[in-house]
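Bear in mind that the values in this text are calculations on the coordinates, not laboratory data. The shown structure was predicted, so the numbers you read here are calculated from the model rather than taken from an experiment. Don't worry about glycine lacking a Cβ; one is built from the backbone with ideal geometry, like all the others, and counts go over all protein chains shown.
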Amino acid sequence: MSSKINSKESVVFVPGALCSEEVFAHQVAGISPSFRTLFIDTIQAKTITEMAETLLTHAPSRFALVGISMGGYVALEVLRIAPDRVWGAVLISTTPRAETPSQSEERKGWIERIESGQCEDLIDEIVDACVSNNSTSNDARRCFREMVKTHSLDTFSRQMAASAMRPNFQEGLKDIRCPVLLISGSDDSEYFRNGVQEISESVISSEILILQNCGHLPTIESASSTTKAINQFLLRAAKCKS
């Protein structure tokens, strides 16, 4: 789905695992007067690289990227294999590091529980882990829960496997030359907060925003602040792009 506007500047949004386009609803509405917004369907892809390649096949010749969590992995892979096509990137609640063994085991446990019919309990745990108890948005928890529930078991398993097998992007961070905005919630897990910080320290043309009282999903937990930051960043990056 895309917004029909006159601007030639395109922004591709990449949702995280178990999310839908709804995770970026506020941001799409907020930047659409200035940019053409796009979502590219990668739901059948089995790896992060396949997701990136699908995105590149269907994206405009040049574009900006906004990716959250797993969407950040996809954005980092796009920046690795086709850096000249990206004029700006917003990476939210993500990390350049490969999966740890303990994280992989946790994902396997999730899949086993889903397959055994423990859906509701697991969804509760995932929502609790992602949305801060200090979040000022009363709708964030409900919104994420509804997104998670829309996904089939096959999609759940495929996205978990893709995230578990993602590449390690640490070495390539120094080669990123386009402007990058990093966004993190103060209440997100230490793993992702450190990941965003590591990208910020490694990418020359980057800036970082830490949103207070916010967990893993700033786009819905602190929607207005996230939209404002993304819009201002994209406007600056668009003016500077070659």
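Of the beta bridges in the chain, as assigned by DSSP with both residues counted there, near 5 percent are antiparallel. Legend: distances between Cα atoms for Lys108/Lys149; Lys46/Lys149; Lys8/Lys46; Lys149/Lys228; pairs beyond 22 Å are Lys8/Lys46; Lys149/Lys228.
Rg/Rh for the stretch 52-196 (Cα atoms only, Rh after Kirkwood) is 0.98.
Rounded, prolate or oblate: which fits the stretch 10-77 when a ≥ b ≥ c are the square roots of the eigenvalues of the alpha-carbon gyration tensor, with rounded for a/c under 1.5 and prolate only if a/b beats b/c? Oblate, because a/c is 1.5 or more while a/b does not exceed b/c. Per the Debye formula on identical point scatterers at the alpha carbon atoms of the stretch 127-242, with no solvent, log10 I(q)/I(0) at q = 0.10, 0.13, 0.16 Å⁻¹ is -0.37, -0.63, -0.93. Against the main long axis of the alpha-carbon atoms of the chain, helix 153-164 sits at an angle near 60°. Against the longest principal axis of the chain, how steep is helix 190-202, in degrees 0 to 90 to the nearest 10, with axes from Cα atoms? Approximately 20 degrees, to the nearest ten.
Checking the a/c ratio against 1.5 first, then a/b against b/c, what shape does the Cα gyration tensor give for the stretch 117-192? Working shown, then result.
Details: a/c = 2.46, a/b = 1.37, b/c = 1.80.
It comes out oblate by the Cα gyration axes.
The charge dipole of the chain, taken about its Cα centre with unit charges on the Cβ atoms of Lys, Arg (+1), Asp and Glu (-1) only, comes to about 1160 debye. Within 10 Å of each candidate Cβ there may be at most 16 other Cβ atoms; applying that plus a DSSP loop requirement, which trypsin sites (Lys or Arg not before Pro) in the stretch 156-242 survive? Those that pass, being in a loop and sparsely packed, are Arg177, Lys241.
Viscosity 1.002 mPa s, temperature 20 °C: Stokes-Einstein D of the chain from its Kirkwood Cα radius, in µm² per second?
Numbers: Rh = 17.8 Å.
Result for D is 121 µm²/s.
Residue exposure proxy: Thr95, Thr47, ordered by other Cβ atoms within 10 angstrom of their Cβ from fewest to most, comes out as Thr47, Thr95.
Radius of gyration (Cα atoms) of the stretch 188-238, expressed as a multiple of 2.2 N^0.38 Å: 1.20. Expressed to the nearest 5 percent, the antiparallel share of DSSP beta bridges inside the stretch 1-145 is 5 percent. Could you give the angle, 0 to 90 degrees to the nearest 10, between helix 101-115's Cα long axis and the longest principal axis of the Cα atoms of the chain? Tilt of helix 101-115: around 60 degrees.
Our note on the geometry: Cα centres of the stretch 216-235 and the stretch 75-91, 19 Å apart.
Modelled this way, with points 7 Å down the Cα-to-C-beta line, the labels at Asp154 and Ser186 are 4.4 nm from one another. Using r as the Cβ-Cβ distance of Gln212 and Arg142, and R0 as 22 Å, what FRET efficiency do you calculate, to the nearest 0.05? E(calc), rounded to 0.05, equals 0.55. In a reduced charge model with +1 at each Lys and Arg Cβ and -1 at each Asp and Glu Cβ, the stretch 11-70 shows a dipole moment near 180 debye about its Cα centre. Here Thr47 and Glu106 are evaluated by their C-beta separation; at R0 = 22 Å the FRET efficiency comes out at 0.70. For Glu171 and Ser34, the FRET efficiency from 1/(1 + (r/R0)^6), where r spans their Cβ atoms and R0 equals 45 Å, is about 0.85.
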